[in-house]
Structure formats: C-alpha cells, structure tokens
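This report concerns only the one structure given below.
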Amino acid sequence: MGEAIERVREKADLIARCGVSVLSEDSGLFASDLRDLLIENARLRAELEASCETKAAYIGEFSFGFPVWEEDECGEPVEVMRNVNVPWTTIKEIMAAIRDYAAKGGA
C-alpha cells in the first residue's frame, strides 16, 4: 500500500520541481493541489484493496446484532442479542463493490 502512494508522491513531486506552479489559470489548480489529490487518490484506492493492512484495520470493526434464545434462571426462554462480526470475505466483497461503483462514476 505504501509503495503505490510513494510512487504517486514521487511523480507529483516531479511536476512541482519542473517549475509548474499553476496548471490552469482559469480553475486556479496548482501543481501542489494536483500532488495532494494524486496522493489522496492513491491512499483511498489502497484502503479499498484487500491486503494484510486492510484486514488488520477492518476485521472486527463491523458487526450486527443476532437474536438467540436462551433460558433464564427460571428456565423460561428469553431472547438475547449477540453481537456477530462481519466476516472478512463479506468485507472484501463490500470493498470490491465500492471500487466498482466508483469506477463507474457513482452511477
């Protein structure tokens, strides 16, 4: 993940070192803005790729309540909510769906 961001940072720094300060006078887009946008884009893309880093970051972060029936101290059935973690496979599927949606321009 860090390598991709570093490559983008190097390319963006090259643009800035070439003396390009304003890319478009009409829009006011500066090379430093482009650098920041490229780095942010690379970081966000990396965060949506399944990797050891994202697994460590996301596993256990998402859960949902699941009702189960247990007996209370008198032997009466009682509904109890248990917290269940979303499986890593499901998290990867959600990340892939987000990438696909973004690639289509959000449509």
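Before moving on, here are some points about what is shown:
- The range 60-80 residues that are at pLDDT 90 or above and part of a strand (DSSP E or B), paired with ones that are among the aromatic types (Phe, Trp, Tyr) and exposed (fewer than 10 other Cβ atoms within 10 Å of the Cβ) (beta carbon under 8 Å, 6 or more apart): 77/69; 78/69; 79/69; 80/69
- Verdict on residue 79 being loosely packed, with under 11 Cβ neighbours inside 10 Å and either over 17 Å from the mean Cα position of the chain (by Cα) or closer than 30 Å to residue 10 by Cβ (or both): yes
One line per residue, one yes/no per condition, for (1) of a type outside the set (Lys, Arg); (2) in contact with a strand residue (DSSP E or B) (Cβ under 6 Å, 6 or more places away or on another chain); (3) touching a residue at least 12 places away in the same chain (Cβ under 8 Å):
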{"residue": "43", "(1), (2), (3)": "no, no, yes"}
{"residue": "46", "(1), (2), (3)": "yes, no, yes"}
{"residue": "94", "(1), (2), (3)": "yes, no, no"}
{"residue": "100", "(1), (2), (3)": "yes, no, no"}
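The values are calculated or read from the model by the stated rules, or taken from the named source; none is laboratory data. Treat the numbers as computed from the prediction; the structure is a model and nothing was measured. Methodologically, a virtual Cβ is constructed for each residue, glycine included, from the backbone with ideal geometry; neighbour enumeration extends over all protein chains shown.
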